[in-house]
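Right, one structure below, let's go through it.
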Amino acid sequence: NKKMRAIFQYIEAIAPGQEPVLILGESGTGKELIARAIHRIGHGEGPWVALNAAGLDDNVFSDTLFGHCKGAFTGIGPA
């Protein structure tokens, strides 16, 4: 199938890059399979971690992906 071949070629093209990749789609469309392929082809040296962001509120979501500074939630930062 030409469309599937195009997807595989795109994965091979972007996998070695350092930029983050956002994969969107409806449930059951293979988003996790695409993410695993990008990880395996590109930078498979680290562990594979799947994250279902649907169950996270906005603050937990951003904290999980990007971390936070000490005191970010209390207003008391590092000295």
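The values are calculated or read from the model by the stated rules, or taken from the named source; none is laboratory data. The model shown is predicted, which means the values in this text are computed figures rather than measured ones. Don't worry about glycine lacking a Cβ; one is built from the backbone with ideal geometry, like all the others, and counts go over all protein chains shown. Side chains are part of the model used for accessible areas, which takes the heavy atoms of the whole protein and leaves out ligands, DNA and RNA. Shrake-Rupley method; radii C 1.70, N 1.55, O 1.52, S 1.80 Å.
Inside region 25-52, can you point out the residues that are loosely packed, with under 10 Cβ neighbours inside 10 Å and touching a residue at least 12 places away in the same chain (Cβ under 8 Å)? Selection gives Ala50 alone. Remark: pairs (first residue in region 54-68, without any contact (Cβ under 8 Å) to a residue 24 or more places away in the chain; second residue outside any helix (DSSP H, G or I) and open to solvent by 70 Å² or more (accessible area, probe 1.4 Å); Cβ separation under 6 Å; 6+ apart in sequence or on different chains) are absent. Quick one: count up the residues across region 1-24 that are under 21 Å from Leu65 (Cβ atoms) and exposed (fewer than 10 other Cβ atoms within 10 Å of the Cβ). Residues meeting the conditions: 5.
Among the conditions (1) under 23 Å from Ser62 (Cβ atoms); (2) without any contact (Cβ under 8 Å) to a residue 12 or more places away in the chain, Val21 misses just one, which is (2). Just need a number here: residues in region 56-70 that are loosely packed, with under 11 Cβ neighbours inside 10 Å, part of a loop (DSSP other than H, G, I, E, B) and at pLDDT below 80. So the count comes out to 3. Summed over region 26-48, the residues that are modelled with pLDDT of 90 or more and part of a loop (DSSP other than H, G, I, E, B) give a count of 4.
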